[in-house]
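Undergrad: Before anything else, here's the structure in question.
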Amino acid sequence: MKKYLKTAIVLLIGGALAYWFIARTDWSVVGEKIRHVNGWALFASLILINLTMVARGFRWQVLLAPIAPVSVRNAFAATAIGFGAIFVIGRAGEVVRPIALSLRERLRPSATLATLLIERIFDTAAVVGLFSFNLLFFQMPQQTAEARQTLALLRTTGALLSFGVIVGVGVLIFLRWRAEVLLQWLETRTAALPPKLMRPLLNLLRSLAEGLAVLTGARALLLAVFYSACVWALVTAATWLVAYAFGLHLPITYAVFVLGFGLVGSIVPTPGGGAGAFHAAAAKGLEFLGIETNLAAAIAVVYHLIAFGAPFILGLYYLIRDDISVQQIRDSLNEEMHEEITTHDS
């Protein structure tokens, strides 16, 4: 019941934001602006977004190293498939990515799934750090009292988020050092519970602890940070190019500002890569910069298609090439569950 209620709330929020975005926009004007975009700039932004898949593939290889060696080629293909799934069914599509890699590398899905949590840590830290640092140099276009108040609120929020990331990373490092003690304690406390329920969870925590080794190994940590920086530098450049395609020459601080707003919208796990919520958030960020409503809407629509549609095309290619089906995904999950139960019983 809780699952259905959560889904209903998410869809309601996404639907409300989509309605707000659609109702306040003159779509004939939006269509006209889209027809006059610079196609070469959009093509360049599409290339940059797909290059982020390459950087993510290299980073994933680094994060998986404590668990098992994988090829960059397979990590890249699985990443493209996973992000393509997100475009279709929303954040729930993230589970497709570790399964796709497990089918190519014969790794446990729970082991590869754990590294996605580590990736989320790096991405969250990178985005929050970038957005917060950007706010130190950011100036609102209109120097009104309301604009200054808004900027002060944003800077306070950025500082709090940065503090939260630092605390979170510290907690995870502690987990890495004390993982065995924690796992033994959990195994003792949950011994009476059904193995089918607890073994996947314990295995996930164990894989997470193994993956956290990257946070305490200097070389791996530096590589993961470097690839994360590459990812978000490419995304920032792609964001700037989308605005440039519409005739805007935004300062880089404005591009980062819009990127941050769009990512907040994409958190809402609606189908289509946060469709509706992403559009509303990105458009609002552009309007904060003094950009006219319909132009902001046009940029938001195209920005969303570039950010999520480009990986979808790439992922679709690998999905068809590898002939990955829903049945294969189910079989992989069932096999994982069976192995965990067998291990526990033995």
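The values are calculated or read from the model by the stated rules, or taken from the named source; none is laboratory data. Note that this is a predicted model, so its numbers are computed, not measured. All Cβ positions, glycine included, derive from the backbone under ideal geometry; neighbour counts span all protein chains shown.
Undergrad: If a residue counts only when it is basic (K, R) and surrounded by fewer than 23 Cβ atoms within 10 Å (Cβ to Cβ), which helices (runs of 4 or more DSSP H) contained entirely in the stretch 8-127 have at least 2 such residues? Reasoning before the result, please.
TA: Working: elements: 27-35, 39-64, 72-89, 96-105.
The qualifying helices (runs of 4 or more DSSP H) are 27-35.
Undergrad: Across the stretch 234-263, what is the total count of residues that are small (G, A, S) and under 17 Å from F43 (Cα atoms)?
TA: 5
Undergrad: Right, here's the next one. Suppose the filter is modelled with pLDDT under 90, more than 23 Å from L136 (Cβ to Cβ) and not small (G, A, S); does F261 pass it? Before you say what the answer is, go through the steps one by one.
TA: Values: modelled with pLDDT under 90: yes; more than 23 Å from L136 (Cβ to Cβ): no; not small (G, A, S): yes.
In short, no.
Undergrad: Looking at the structure I just gave you, is K2 within 24 Å of A275 (Cβ to Cβ) and modelled with pLDDT under 80?
TA: On the way: within 24 Å of A275 (Cβ to Cβ): no; modelled with pLDDT under 80: yes.
When the stated conditions are applied, K2 does not pass them.
Undergrad: In the stretch 32-70, which residue that is of a type in the set (G, A, S) and touching a residue at least 24 places away in the same chain (Cβ under 8 Å) is farthest from Y303 (Cα to Cα)?
TA: The first filter runs over the stretch 32-70 and keeps only residues of a type in the set (G, A, S), leaving 39, 41, 44-45, 55, 57, 65, 68.
Filter once more, keeping what is touching a residue at least 24 places away in the same chain (Cβ under 8 Å): 39, 41, 44-45, 55, 65, 68.
Numbers: G39: 13, A41: 12, A44: 13, S45: 9, A55: 20, A65: 34, A68: 36 Å.
Ranking the candidates gives A68 first.
Undergrad: Just checking, which of T150, T236, T188, T156 is of a type outside the set (A, V, I, L, M, F, W, C) and either touching a helix residue (DSSP H, G or I) at 6+ places or on another chain (Cβ under 6 Å) or on the phi > 0 side of the Ramachandran plot (or both)?
TA: Numbers: T150 fails: either touching a helix residue (DSSP H, G or I) at 6+ places or on another chain (Cβ under 6 Å) or on the phi > 0 side of the Ramachandran plot (or both); T188 fails: either touching a helix residue (DSSP H, G or I) at 6+ places or on another chain (Cβ under 6 Å) or on the phi > 0 side of the Ramachandran plot (or both); T156 fails: either touching a helix residue (DSSP H, G or I) at 6+ places or on another chain (Cβ under 6 Å) or on the phi > 0 side of the Ramachandran plot (or both).
Only one candidate qualifies: T236.
Undergrad: Which members of the stretch 143-181 meet the condition of being among the charged types (D, E, K, R) and in a helix (DSSP H, G or I)? I'd like the intermediate steps shown before the answer.
TA: Of the residues in the stretch 143-181, the ones among the charged types (D, E, K, R) are 146, 148, 155, 176, 178, 180.
If the condition is that a residue be among the charged types (D, E, K, R) and in a helix (DSSP H, G or I), then E146, R148, R155, R176, E180 are the ones that fit.
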